[in-house]
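Participant: This structure is in structure tokens; I'll ask about it shortly.
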Amino acid sequence: MTRWLGIALLPSAEHRTAAIRLQREVGGDHELRPPLSPDGNLPHVTVFQGPFLDSLDPAAELDRIVAGADAPERIALASRGVVYQPTGWVFLALERPPLLEKIQQSTLAALAPHLDRSAFDPSKDVSRFTEDERESFERYGYRYTGPAYAPHITLGRAEEAVAQELVRSAPERVDVPGTWVFDRFSCYVMGENGAHAEIVEERTLSPR
């Protein structure tokens, strides 16, 4: 049976609350979907997500990812602001230091052998993807790997014109924290629009 799972960095409690508040403030009178919640769809930075075969052991592979990442106990990432991403997405963009690239490489090394490639969607509209994003999607079934990796917290999705206007006006309406701190890895069940719907396994960033 195919399981739709992801690997993510989870923010500290303080920044989890800040991200939930930011979604509401950016959305204003419009509800961005899906709503973030401490008890439901958690704010997160996706490292990778996709369809997996039953051969995947989430606990064992997350242990491998943690060991391969060799991360510190906390990772602080600078904000790049609220940005629009086709089609209809509103992201909080974050910096991409070499450490995050290493974490994704460790994740892909662990998970790629377990991908259910028959579940990739060949009909997906990739016309507004960049060339790097198209190559990533073709190779892994996920838009943001390798050169296309774009660390972000998804603030939600809206109608195209609404999303563009929310992002355009965000600097006038919203004070975005300059730094975001992450302290855990999770393996999660994908929900609406790829949301972090349920924790399957969770680990501290550093095994030490």
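Participant: Can you give the relative contact order of segment 1-88 as a percent, counting alpha carbon pairs under 8 Å and 6+ residues apart?
Facilitator: About 38 percent, as a whole number.
Participant: Right, next: Given a 1.4 angstrom probe, what's the average accessible area per residue across the chain, in square angstrom?
Facilitator: 47 Å²
Participant: I would also like to ask the following. Report ³J(HN,Hα) in whole Hz for each residue of segment 102-108, in order, from the Karplus equation J = 6.51 cos²θ - 1.76 cosθ + 1.60 where θ = phi - 60°; Gly and Pro get x.
Facilitator: Per-residue couplings from phi come out as 5, 4, 5, 4, 4, 5, 5 Hz.
Participant: Hey, any idea what % of the chain's accessible area is carbon plus sulfur with a 1.4 Å probe?
Facilitator: The C+S portion of the solvent-accessible surface of the chain is 49 percent.
Participant: Figure the gain on full extension for residue 99 and residue 1 (residue separation times 0.36 nm, minus the Cα-Cα span) and round it to one decimal in nm.
Facilitator: Length gained, residue 99 through residue 1: 32.0 nm.
Participant: Using a simple spin-label model with points 7 Å from Cα along the Cα→Cβ vector, what separation in nm is obtained for residue 139 and residue 30?
Facilitator: Output for this residue pair reads 3.3 nm.
Participant: Specify the inter-centroid distance of segment 1-56 and segment 170-187, based on alpha-carbon positions, in whole Å.
Facilitator: Value for the Cα centre distance between the two parts: 12 Å.
Participant: So how exposed is residue 57, as accessible area in Å² (1.4 Å probe, rounded to 10)?
Facilitator: Accessible area, nearest 10 Å²: 80 Å².
Participant: What value, in deg cm²/dmol to 500, does the helix sum -39500 (n - 2.57) over DSSP H runs of n ≥ 4 give at 222 nm once divided by the residues of the chain?
Facilitator: -10000 deg cm²/dmol
Participant: Using Cα pairs closer than 8 Å and at least 6 residues apart in sequence, work out the relative contact order for the chain, in percent.
Facilitator: 37 percent
Participant: While we're looking at this one, here's another question. Please state the shape class of segment 1-128: rounded when a/c is under 1.5, otherwise prolate if a/b exceeds b/c and oblate if not, all from the C-alpha gyration tensor.
Facilitator: Oblate, since a/c reaches 1.5 and b/c is not below a/b.
Participant: Okay, moving on. How much of residue 84 can a 1.4 Å solvent probe reach, expressed as accessible area in Å² and rounded to 10?
Facilitator: Its accessible surface works out to 50 Å², give or take rounding.
Participant: Just to make sure I understand: if all protein chains stay in place, what is the order of 54, 29, 116 by accessible area at 1.4 Å, largest first?
Facilitator: 29, 54, 116
The values are calculated or read from the model by the stated rules, or taken from the named source; none is laboratory data. Computed from a predicted model, the values in this text were never measured in an experiment. Every residue, glycine as well, gets a Cβ built from its backbone with ideal geometry; the counts of neighbours run over all protein chains shown. Just the protein is used for accessible areas: all its heavy atoms, side chains included, with ligands, DNA and RNA removed. Shrake-Rupley method; radii C 1.70, N 1.55, O 1.52, S 1.80 Å.
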